[in-house]
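The values are calculated or read from the model by the stated rules, or taken from the named source; none is laboratory data. Computed from a predicted model, the values in this text were never measured in an experiment. Positions of Cβ are generated from backbone atoms using ideal geometry, with glycine treated the same way; all protein chains shown enter the neighbour counts.
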Amino acid sequence: MIPISSPQFGEEELALVKEVLESGIIAQGPKVAALEQEFAKLSGTQFAVAVANGTAALHLALLANGIGPGDEVITSPFTFIASANSVLYTGARPVFVDIKEDTFNIDPALIEAAITPRTKAIMPVHLYGLMADMDAIMGIAQRHNLAVIEDAAQAHGATNQGRPAGSFGTGAFSLYATKNMTTAEGGMVTTNDPAIAERVKLLRAHGMKVRYYHDVLGFNFRMTDMHAALGLAQIRKLPMFNERRRQNAEFLNQHLKRVVTPHAPEGYGHVWHQYTIRVTDGDRDAAVKKLTDAGVGTGIFYPVPVYRQKVYTELGYNQSLPVTELVTQQVISLPVHPKLSSADLETIVAAVESL
Ligand SMILES: *Cc1c(COP(=O)(O)O)cnc(C)c1O
(Lines give C-alpha, C1' and ligand atoms only; values in the text may rest on other atoms or scores of the structure.)
Protein backbone atom coordinates (compact mmCIF):
# COMPACT_ATOMS: atom_id res chain seq x y z
CA MET A 1 0.00 0.00 0.00
CA ILE A 2 1.31 3.47 -0.89
CA PRO A 3 0.78 5.41 2.37
CA ILE A 4 -1.00 8.79 2.40
CA SER A 5 1.84 10.23 4.47
CA SER A 6 5.30 9.08 5.44
CA PRO A 7 7.74 11.01 7.65
CA GLN A 8 11.37 10.92 6.49
CA PHE A 9 14.26 10.74 8.94
CA GLY A 10 17.94 10.09 8.32
CA GLU A 11 21.41 10.46 9.79
CA GLU A 12 20.85 14.20 10.39
CA GLU A 13 17.97 13.61 12.80
CA LEU A 14 19.84 10.78 14.57
CA ALA A 15 22.97 12.92 15.04
CA LEU A 16 21.07 15.88 16.50
CA VAL A 17 18.96 13.73 18.84
CA LYS A 18 22.15 11.97 20.01
CA GLU A 19 23.71 15.37 20.72
CA VAL A 20 20.73 16.29 22.91
CA LEU A 21 20.83 13.03 24.85
CA GLU A 22 24.56 13.38 25.44
CA SER A 23 24.22 17.04 26.50
CA GLY A 24 21.93 16.18 29.40
CA ILE A 25 19.58 19.09 28.52
CA ILE A 26 16.51 17.30 27.19
CA ALA A 27 13.61 19.68 27.96
CA GLN A 28 13.38 23.23 26.52
CA GLY A 29 16.95 24.44 25.90
CA PRO A 30 19.38 25.55 23.18
CA LYS A 31 17.92 23.34 20.42
CA VAL A 32 14.49 24.92 20.90
CA ALA A 33 16.09 28.38 20.68
CA ALA A 34 17.96 27.37 17.50
CA LEU A 35 14.80 25.97 15.89
CA GLU A 36 12.92 29.17 16.75
CA GLN A 37 15.59 31.21 14.95
CA GLU A 38 15.46 29.07 11.81
CA PHE A 39 11.67 28.99 11.85
CA ALA A 40 11.47 32.80 12.07
CA LYS A 41 13.63 32.93 8.93
CA LEU A 42 11.37 30.44 7.15
CA SER A 43 8.24 32.44 7.93
CA GLY A 44 9.87 35.81 7.31
CA THR A 45 9.04 37.08 10.79
CA GLN A 46 11.07 38.64 13.57
CA PHE A 47 9.96 36.07 16.14
CA ALA A 48 9.01 32.40 16.31
CA VAL A 49 8.04 30.81 19.63
CA ALA A 50 8.04 27.01 19.92
CA VAL A 51 5.25 25.21 21.74
CA ALA A 52 4.13 21.62 22.38
CA ASN A 53 1.79 21.23 19.38
CA GLY A 54 -0.15 23.13 16.73
CA THR A 55 -3.33 23.31 18.80
CA ALA A 56 -1.38 25.02 21.60
CA ALA A 57 0.11 27.39 19.00
CA LEU A 58 -3.40 28.44 17.88
CA HIS A 59 -4.64 28.69 21.46
CA LEU A 60 -1.75 30.91 22.60
CA ALA A 61 -1.84 32.98 19.39
CA LEU A 62 -5.49 33.79 20.17
CA LEU A 63 -4.84 34.55 23.86
CA ALA A 64 -1.85 36.74 22.99
CA ASN A 65 -4.13 38.73 20.66
CA GLY A 66 -6.48 39.34 23.58
CA ILE A 67 -9.25 36.98 22.41
CA GLY A 68 -11.50 35.78 25.25
CA PRO A 69 -15.05 35.28 26.54
CA GLY A 70 -17.70 37.24 24.64
CA ASP A 71 -15.56 37.56 21.49
CA GLU A 72 -16.23 36.05 18.08
CA VAL A 73 -13.59 34.69 15.68
CA ILE A 74 -14.47 34.14 12.02
CA THR A 75 -13.01 30.93 10.57
CA SER A 76 -13.50 28.09 8.10
CA PRO A 77 -15.68 25.05 8.87
CA PHE A 78 -13.68 22.95 6.38
CA THR A 79 -10.64 22.20 8.53
CA PHE A 80 -9.26 19.99 11.28
CA ILE A 81 -11.30 20.58 14.43
CA ALA A 82 -8.33 22.14 16.29
CA SER A 83 -8.81 25.44 14.39
CA ALA A 84 -12.23 26.03 15.93
CA ASN A 85 -11.55 24.26 19.24
CA SER A 86 -8.69 26.65 19.99
CA VAL A 87 -11.25 29.49 19.81
CA LEU A 88 -13.55 27.66 22.25
CA TYR A 89 -10.65 27.14 24.70
CA THR A 90 -10.33 30.93 25.06
CA GLY A 91 -14.03 31.29 25.87
CA ALA A 92 -14.70 32.97 22.52
CA ARG A 93 -17.07 31.67 19.83
CA PRO A 94 -16.03 30.48 16.37
CA VAL A 95 -18.23 31.87 13.57
CA PHE A 96 -18.11 29.76 10.43
CA VAL A 97 -18.01 31.26 6.95
CA ASP A 98 -18.22 29.16 3.78
CA ILE A 99 -15.25 28.35 1.55
CA LYS A 100 -14.41 28.74 -2.14
CA GLU A 101 -14.93 25.65 -4.24
CA ASP A 102 -11.69 26.01 -6.21
CA THR A 103 -9.30 26.68 -3.30
CA PHE A 104 -11.08 25.01 -0.32
CA ASN A 105 -10.20 28.14 1.70
CA ILE A 106 -12.47 30.70 3.41
CA ASP A 107 -14.32 32.90 0.90
CA PRO A 108 -13.37 36.54 1.62
CA ALA A 109 -16.51 37.76 -0.17
CA LEU A 110 -18.62 36.25 2.63
CA ILE A 111 -16.62 37.48 5.62
CA GLU A 112 -18.01 41.01 6.04
CA ALA A 113 -21.61 39.77 6.36
CA ALA A 114 -20.49 37.66 9.36
CA ILE A 115 -18.87 40.56 11.25
CA THR A 116 -20.71 41.73 14.38
CA PRO A 117 -19.76 44.16 17.18
CA ARG A 118 -18.29 41.11 18.99
CA THR A 119 -15.97 40.05 16.16
CA LYS A 120 -12.34 40.36 17.27
CA ALA A 121 -10.40 38.26 14.79
CA ILE A 122 -10.36 36.36 11.51
CA MET A 123 -8.65 32.96 11.46
CA PRO A 124 -8.03 31.83 7.87
CA VAL A 125 -6.82 28.24 7.47
CA HIS A 126 -4.22 27.63 4.72
CA LEU A 127 -5.71 24.25 3.87
CA TYR A 128 -3.71 21.50 2.13
CA GLY A 129 -0.68 23.83 1.80
CA LEU A 130 -2.42 26.56 -0.22
CA MET A 131 -2.64 29.96 1.45
CA ALA A 132 -5.96 31.74 1.86
CA ASP A 133 -6.60 34.99 -0.05
CA MET A 134 -4.58 37.11 2.39
CA ASP A 135 -4.77 40.29 0.33
CA ALA A 136 -8.56 40.39 0.70
CA ILE A 137 -8.53 39.12 4.30
CA MET A 138 -5.96 41.67 5.52
CA GLY A 139 -7.98 44.45 3.84
CA ILE A 140 -11.15 43.40 5.69
CA ALA A 141 -9.24 43.05 8.98
CA GLN A 142 -7.80 46.54 8.62
CA ARG A 143 -11.17 48.11 7.78
CA HIS A 144 -12.82 46.52 10.82
CA ASN A 145 -9.82 46.64 13.17
CA LEU A 146 -9.64 42.85 13.59
CA ALA A 147 -6.70 40.64 14.51
CA VAL A 148 -5.66 37.94 12.02
CA ILE A 149 -4.50 34.54 13.25
CA GLU A 150 -3.29 32.31 10.41
CA ASP A 151 -3.82 28.58 10.91
CA ALA A 152 -0.68 27.63 8.98
CA ALA A 153 -0.56 24.07 10.36
CA GLN A 154 -0.46 22.70 6.79
CA ALA A 155 1.53 25.49 5.13
CA HIS A 156 5.24 25.44 6.11
CA GLY A 157 7.03 27.42 3.41
CA ALA A 158 3.87 28.35 1.48
CA THR A 159 3.71 31.86 0.01
CA ASN A 160 1.16 34.38 -1.24
CA GLN A 161 2.49 37.09 -3.60
CA GLY A 162 5.96 36.02 -2.41
CA ARG A 163 5.15 36.53 1.29
CA PRO A 164 5.42 33.47 3.56
CA ALA A 165 2.61 31.89 5.56
CA GLY A 166 2.67 33.11 9.14
CA SER A 167 3.96 36.60 8.24
CA PHE A 168 0.63 38.34 7.60
CA GLY A 169 -1.04 38.03 10.99
CA THR A 170 0.02 35.92 13.97
CA GLY A 171 1.02 32.54 12.50
CA ALA A 172 0.32 29.16 14.12
CA PHE A 173 2.08 26.09 12.74
CA SER A 174 1.88 22.39 13.62
CA LEU A 175 4.88 20.06 13.53
CA TYR A 176 2.81 16.89 13.91
CA ALA A 177 4.06 13.62 12.35
CA THR A 178 2.11 13.95 9.08
CA LYS A 179 2.93 17.62 8.31
CA ASN A 180 5.43 18.83 5.70
CA MET A 181 8.10 18.96 8.42
CA THR A 182 7.78 17.30 11.82
CA THR A 183 9.03 17.07 15.37
CA ALA A 184 6.58 14.17 16.07
CA GLU A 185 4.45 16.61 18.09
CA GLY A 186 5.22 20.31 18.09
CA GLY A 187 4.03 23.79 17.18
CA MET A 188 5.28 27.29 16.45
CA VAL A 189 3.81 30.78 16.77
CA THR A 190 5.23 33.42 14.40
CA THR A 191 4.89 37.19 14.67
CA ASN A 192 6.57 40.52 14.01
CA ASP A 193 5.07 41.97 17.18
CA PRO A 194 7.45 41.74 20.17
CA ALA A 195 4.55 42.05 22.65
CA ILE A 196 2.79 39.01 21.15
CA ALA A 197 6.01 36.97 21.15
CA GLU A 198 6.59 37.88 24.83
CA ARG A 199 3.02 37.01 25.76
CA VAL A 200 3.22 33.58 24.07
CA LYS A 201 6.52 32.87 25.88
CA LEU A 202 4.90 33.82 29.18
CA LEU A 203 1.78 31.70 28.60
CA ARG A 204 3.68 28.58 27.44
CA ALA A 205 5.53 28.36 30.79
CA HIS A 206 2.97 28.95 33.56
CA GLY A 207 3.00 32.73 33.29
CA MET A 208 6.49 32.80 34.75
CA LYS A 209 9.02 35.52 33.91
CA VAL A 210 11.06 35.30 37.10
CA ARG A 211 11.50 31.75 38.37
CA TYR A 212 8.55 30.69 40.57
CA TYR A 213 6.81 34.07 40.36
CA HIS A 214 3.58 33.70 38.35
CA ASP A 215 1.86 36.83 37.09
CA VAL A 216 -0.85 35.32 34.90
CA LEU A 217 -2.54 31.94 34.47
CA GLY A 218 -0.32 30.10 31.99
CA PHE A 219 0.12 26.55 30.76
CA ASN A 220 2.84 23.98 30.27
CA PHE A 221 2.96 24.14 26.47
CA ARG A 222 6.74 23.95 26.08
CA MET A 223 8.60 22.07 23.33
CA THR A 224 11.52 19.81 24.34
CA ASP A 225 15.07 19.87 22.94
CA MET A 226 14.52 16.24 21.85
CA HIS A 227 11.72 17.40 19.58
CA ALA A 228 13.56 20.53 18.47
CA ALA A 229 16.53 18.36 17.39
CA LEU A 230 14.23 16.58 14.94
CA GLY A 231 12.87 19.95 13.83
CA LEU A 232 16.33 21.38 13.12
CA ALA A 233 17.15 18.49 10.80
CA GLN A 234 13.69 18.68 9.19
CA ILE A 235 13.61 22.44 8.58
CA ARG A 236 16.89 22.16 6.62
CA LYS A 237 15.28 19.50 4.41
CA LEU A 238 11.98 21.35 4.04
CA PRO A 239 12.85 23.11 0.74
CA MET A 240 13.73 19.72 -0.79
CA PHE A 241 10.60 18.07 0.71
CA ASN A 242 8.36 20.85 -0.65
CA GLU A 243 10.00 20.76 -4.08
CA ARG A 244 9.35 17.02 -4.35
CA ARG A 245 5.75 17.51 -3.29
CA ARG A 246 5.40 20.19 -5.97
CA GLN A 247 6.86 17.91 -8.65
CA ASN A 248 4.58 15.04 -7.58
CA ALA A 249 1.54 17.32 -7.68
CA GLU A 250 2.52 18.60 -11.13
CA PHE A 251 2.79 15.03 -12.42
CA LEU A 252 -0.64 14.15 -11.04
CA ASN A 253 -2.18 17.36 -12.45
CA GLN A 254 -0.81 16.49 -15.89
CA HIS A 255 -1.97 12.88 -15.92
CA LEU A 256 -5.31 12.83 -14.11
CA LYS A 257 -8.15 13.52 -16.55
CA ARG A 258 -11.26 12.01 -14.97
CA VAL A 259 -11.47 13.92 -11.69
CA VAL A 260 -11.37 17.56 -10.57
CA THR A 261 -7.70 18.20 -9.81
CA PRO A 262 -6.42 20.93 -7.46
CA HIS A 263 -4.37 23.88 -8.66
CA ALA A 264 -2.34 26.78 -7.32
CA PRO A 265 -3.79 30.13 -8.45
CA GLU A 266 -1.41 32.71 -9.95
CA GLY A 267 0.84 34.23 -7.27
CA TYR A 268 0.48 31.40 -4.76
CA GLY A 269 3.35 29.12 -3.68
CA HIS A 270 1.47 25.90 -2.90
CA VAL A 271 3.36 23.40 -0.70
CA TRP A 272 1.00 20.47 -1.36
CA HIS A 273 0.49 19.21 2.19
CA GLN A 274 -2.35 17.27 0.60
CA TYR A 275 -3.21 16.59 -3.05
CA THR A 276 -6.98 16.55 -3.00
CA ILE A 277 -9.24 15.54 -5.88
CA ARG A 278 -13.02 15.81 -6.06
CA VAL A 279 -15.18 12.90 -7.14
CA THR A 280 -18.15 14.78 -8.59
CA ASP A 281 -20.00 12.04 -10.40
CA GLY A 282 -20.41 9.20 -8.04
CA ASP A 283 -19.95 7.29 -4.89
CA ARG A 284 -16.90 8.37 -2.90
CA ASP A 285 -16.92 5.31 -0.64
CA ALA A 286 -16.74 3.08 -3.72
CA ALA A 287 -13.89 5.19 -5.13
CA VAL A 288 -11.93 4.92 -1.87
CA LYS A 289 -12.44 1.15 -1.87
CA LYS A 290 -11.23 0.84 -5.48
CA LEU A 291 -8.13 2.93 -4.73
CA THR A 292 -7.40 0.86 -1.62
CA ASP A 293 -7.75 -2.35 -3.63
CA ALA A 294 -5.27 -0.92 -6.16
CA GLY A 295 -2.77 -0.28 -3.35
CA VAL A 296 -3.26 3.49 -3.12
CA GLY A 297 -3.67 4.91 0.38
CA THR A 298 -6.18 7.77 0.67
CA GLY A 299 -7.40 10.25 3.26
CA ILE A 300 -10.69 12.11 3.64
CA PHE A 301 -9.82 15.56 4.98
CA TYR A 302 -12.47 16.28 6.22
CA PRO A 303 -15.66 14.22 6.06
CA VAL A 304 -17.75 16.44 8.37
CA PRO A 305 -18.01 20.26 8.54
CA VAL A 306 -16.87 21.43 11.99
CA TYR A 307 -20.33 22.89 12.74
CA ARG A 308 -21.83 19.38 12.32
CA GLN A 309 -19.49 17.73 14.82
CA LYS A 310 -21.33 16.63 17.96
CA VAL A 311 -19.29 18.96 20.18
CA TYR A 312 -20.62 21.86 18.10
CA THR A 313 -24.24 20.78 17.59
CA GLU A 314 -24.44 20.35 21.38
CA LEU A 315 -23.32 23.98 21.70
CA GLY A 316 -26.27 24.97 19.49
CA TYR A 317 -24.56 25.22 16.10
CA ASN A 318 -27.12 24.43 13.40
CA GLN A 319 -25.77 25.47 10.00
CA SER A 320 -25.52 24.30 6.45
CA LEU A 321 -23.01 26.14 4.28
CA PRO A 322 -23.44 24.98 0.67
CA VAL A 323 -19.85 24.74 -0.61
CA THR A 324 -18.63 23.09 2.59
CA GLU A 325 -21.53 20.63 2.47
CA LEU A 326 -20.68 19.77 -1.15
CA VAL A 327 -16.93 19.29 -0.83
CA THR A 328 -17.05 17.30 2.43
CA GLN A 329 -18.95 14.70 0.34
CA GLN A 330 -16.53 14.79 -2.61
CA VAL A 331 -12.90 15.13 -1.49
CA ILE A 332 -10.31 12.38 -1.55
CA SER A 333 -6.65 13.10 -0.80
CA LEU A 334 -4.05 11.05 -2.66
CA PRO A 335 -0.42 10.43 -1.66
CA VAL A 336 1.84 13.35 -2.71
CA HIS A 337 4.59 13.07 -0.07
CA PRO A 338 8.32 13.29 -0.92
CA LYS A 339 8.94 9.53 -0.60
CA LEU A 340 6.82 8.61 -3.65
CA SER A 341 8.70 6.87 -6.47
CA SER A 342 7.92 7.24 -10.20
CA ALA A 343 6.36 3.78 -10.02
CA ASP A 344 4.14 4.93 -7.13
CA LEU A 345 3.00 7.94 -9.17
CA GLU A 346 2.18 5.67 -12.16
CA THR A 347 0.20 3.38 -9.84
CA ILE A 348 -1.78 6.32 -8.45
CA VAL A 349 -2.57 7.66 -11.93
CA ALA A 350 -3.66 4.25 -13.24
CA ALA A 351 -5.88 3.66 -10.20
CA VAL A 352 -7.57 7.07 -10.36
CA GLU A 353 -8.06 6.93 -14.15
CA SER A 354 -9.86 3.60 -13.83
CA LEU A 355 -12.32 4.83 -11.20
C1 LIG B 1 -2.63 19.56 12.33
C2 LIG B 1 -3.54 20.72 12.34
C3 LIG B 1 -3.80 21.46 13.53
C4 LIG B 1 -3.38 21.01 14.89
O5 LIG B 1 -2.06 20.74 15.08
P6 LIG B 1 -1.58 19.66 16.17
O7 LIG B 1 -0.11 19.79 16.13
O8 LIG B 1 -2.09 18.33 15.74
O9 LIG B 1 -2.16 20.08 17.50
C10 LIG B 1 -4.57 22.61 13.42
N11 LIG B 1 -5.10 23.00 12.26
C12 LIG B 1 -4.91 22.32 11.12
C13 LIG B 1 -5.51 22.83 9.86
C14 LIG B 1 -4.16 21.15 11.13
O15 LIG B 1 -3.99 20.45 10.00
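Some observations on this one:
- Considering each residue of the range 63-78 in turn, none proves to be over 20 Å from Ala141 (Cβ atoms), assigned to a helix (DSSP H, G or I) and either away from the ligand (no atom under 16 Å from the Cβ) or not hydrophobic (A, V, I, L, M, F, W, C) (or both).
- In the set (1) within 19 Å of Pro335 (Cα to Cα); (2) assigned to a helix (DSSP H, G or I); (3) within 16 Å of the ligand (Cβ to nearest atom), Ala228 fails one condition alone, (1).
- Options Leu203, Leu230; residue that is in contact with a Phe, Trp or Tyr (Cβ under 8 Å, 6 or more places away or on another chain) and under 17 Å from Gly10 (Cβ atoms): Leu230
- For the range 237-259, a tally of residues being part of a helix (DSSP H, G or I) and aliphatic (A, V, I, L, M) returns 4.
- Here His214 fulfils each of the conditions (1) surrounded by fewer than 24 Cβ atoms within 10 Å (Cβ to Cβ); (2) in contact (Cβ under 8 Å) with a residue 12 or more places away in the chain apart from (2).
- Residue match in the range 27-34 (condition: of a type outside the set (D, E, K, R), under 16 Å from Ala153 (Cα atoms) and touching a residue at least 12 places away in the same chain (Cβ under 8 Å)): no
- From Asn145, Asn105, residue being among the polar types (S, T, N, Q), buried (at least 20 other Cβ atoms within 10 Å of the Cβ) and either away from the ligand (no atom under 13 Å from the Cβ) or free of Cβ contacts under 8 Å to residues at least 60 places away in the same chain (or both): Asn105
- Exactly one residue out of Gly295, Gly299, Gly316, Gly269 is at positive phi and in contact (Cβ under 8 Å) with a residue 12 or more places away in the chain, and it is Gly295.
- Among residues of the range 91-124, those that are among the small types (Gly, Ala, Ser) and in contact with a strand residue (DSSP E or B) (Cβ under 9 Å, 6 or more places away or on another chain), counted: 3
- So Thr45, is it crowded, with 18+ Cβ neighbours inside 10 Å, more than 16 Å from the ligand (Cβ to nearest atom) and either modelled with pLDDT of 95 or more or assigned to a helix (DSSP H, G or I) (or both): yes
- Residue that is farthest from Thr276 (Cα to Cα) [pool: residues in the range 108-142 that are charged (D, E, K, R) and touching a residue at least 40 places away in the same chain (Cβ under 8 Å)]: Arg118
- Test: Gln161 is under 17 Å from Gly267 (Cβ atoms), over 11 Å from the mean Cα position of the chain (by Cα) and of a type outside the set (D, E, K, R): yes
- In the range 79-95, the residue that is farthest from the ligand (Cβ to nearest atom) out of those that are part of a loop (DSSP other than H, G, I, E, B) and touching a residue at least 24 places away in the same chain (Cβ under 8 Å) is Ala92.
- Residue identified as aliphatic (A, V, I, L, M), under 24 Å from Arg222 (Cα atoms), touching a residue at least 12 places away in the same chain (Cβ under 8 Å) and within 15 Å of the ligand (Cβ to nearest atom) among Ala158, Ala152: Ala152
- Residue in the range 336-344 that is of a type in the set (A, V, I, L, M) and in contact (Cβ under 8 Å) with a residue 40 or more places away in the chain present: yes
- Tally of residues being of a type in the set (Ser, Thr, Tyr), more than 15 Å from the ligand (Cβ to nearest atom) and assigned to a loop (DSSP other than H, G, I, E, B) across the range 167-197: 1
- Gln234 being within 21 Å of Ile4 (Cα to Cα), out of contact with any Lys or Arg (no Cβ under 6 Å at 6 or more places or on another chain), within 16 Å of the ligand (Cβ to nearest atom) and part of a helix (DSSP H, G or I): yes
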